[in-house]
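Student: Quick one: the structure is below, and I'll ask about it shortly.
The values are calculated or read from the model by the stated rules, or taken from the named source; none is laboratory data. Only a predicted model underlies this, so the values are computations on that prediction, with no experimental measurement involved. Cβ: placed from backbone, ideal geometry, glycine included. Neighbour counts: every protein chain shown.
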Amino acid sequence: MNKKILIIIPAYNEQGNIQNVVDEIRSLNLLGVDILVVNDGSQDATAEEARQSGVKLITHPFNLGIGGAVQTGFQFAYEEGFDLAVQVDGDGQHDVIFLKSLIEPVINKEADMTIGSRFIPPHLGYQSSFIRRIGINFFAHLISFLTDCKVTDPTSGFRCINRRLISVFARSYPYDFPEPEAIVIAGRHKGKIKEVPVTMRKRTMGHSSIRYLKTLYYMVKVTVAIVLDKLK
């Protein structure tokens, strides 16, 4: 790979996970790849764990949420002249063995954004809880209905974007639960989106930020945001 690539790991209270994620990425020996951990106001030892791993580190003084953390990564990628930015969750659920599968279509200009989908054969591993799958399926149909983007896993945060979309998202990125909205925004900017099959894993430590009643809020909020974006 002769492109300058930044892997962005947004992290909030991911002590015990960050080092493992970084070690897995490094074990792939990907050329031209830098790793940035965005510590989003964690209250545990996430920042120290990232610092000890030797990666680039940005720490927010307080929690901005996943959208704010990821946008910080995109801003860094834009300012430092990276050609591609890859988002990998800090909880270890994304199997980084599929990084090359995400990156190659963007490098080859087959896509402006790639999304790792857990619902495309042959890699059918952990597919989240039943309630979550209902939400994922709802957003997949909503986005496919309202846009030209036919997706199966719109909430997947395992994705790669090119320099043009880095520029777009560095300026403006959805704040809360950004993944489905970001697909719509990319489509509005004429971005070509491609899903690639990946395997995801169940979280082994910590807790998801979207639980219980927050799931209902998530669905309502993102639905409204997607519809409003479509009306722009």
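Student: If you go through the stretch 80-97, how many residues are hydrophobic (A, V, I, L, M, F, W, C) and under 15 Å from residue 26 (Cα atoms)?
Tutor: Of all residues in the stretch 80-97, those hydrophobic (A, V, I, L, M, F, W, C) come to 82, 84-86, 88, 96-97.
In the following step, the residues that additionally are under 15 Å from residue 26 (Cα atoms) were identified as 86, 88, 96-97.
Going through the stretch 80-97 one residue at a time, the tally reaches 4.
Student: Restricting attention to the stretch 1-46, which residues are crowded, with 21+ Cβ neighbours inside 10 Å and small (Gly, Ala, Ser)?
Tutor: Within the stretch 1-46, 11, 42 qualify.
Student: Please enumerate the residues belonging to the stretch 1-32 that are at pLDDT 95 or above and touching a Lys or Arg at 6+ places or on another chain (Cβ under 9 Å).
Tutor: 6, 17, 28
Student: Does the stretch 106-116 include one or more residues that are touching a residue at least 24 places away in the same chain (Cβ under 8 Å), in a loop (DSSP other than H, G, I, E, B), within 25 Å of residue 222 (Cα to Cα) and among the acidic types (Asp, Glu)?
Tutor: yes
Student: Out of 101, 156, I need the residue that is closer than 23 Å to residue 3 by Cβ, small (Gly, Ala, Ser) and in contact (Cβ under 8 Å) with a residue 60 or more places away in the chain. Which one?
Tutor: On the way: 156 fails: in contact (Cβ under 8 Å) with a residue 60 or more places away in the chain.
The match here is 101.
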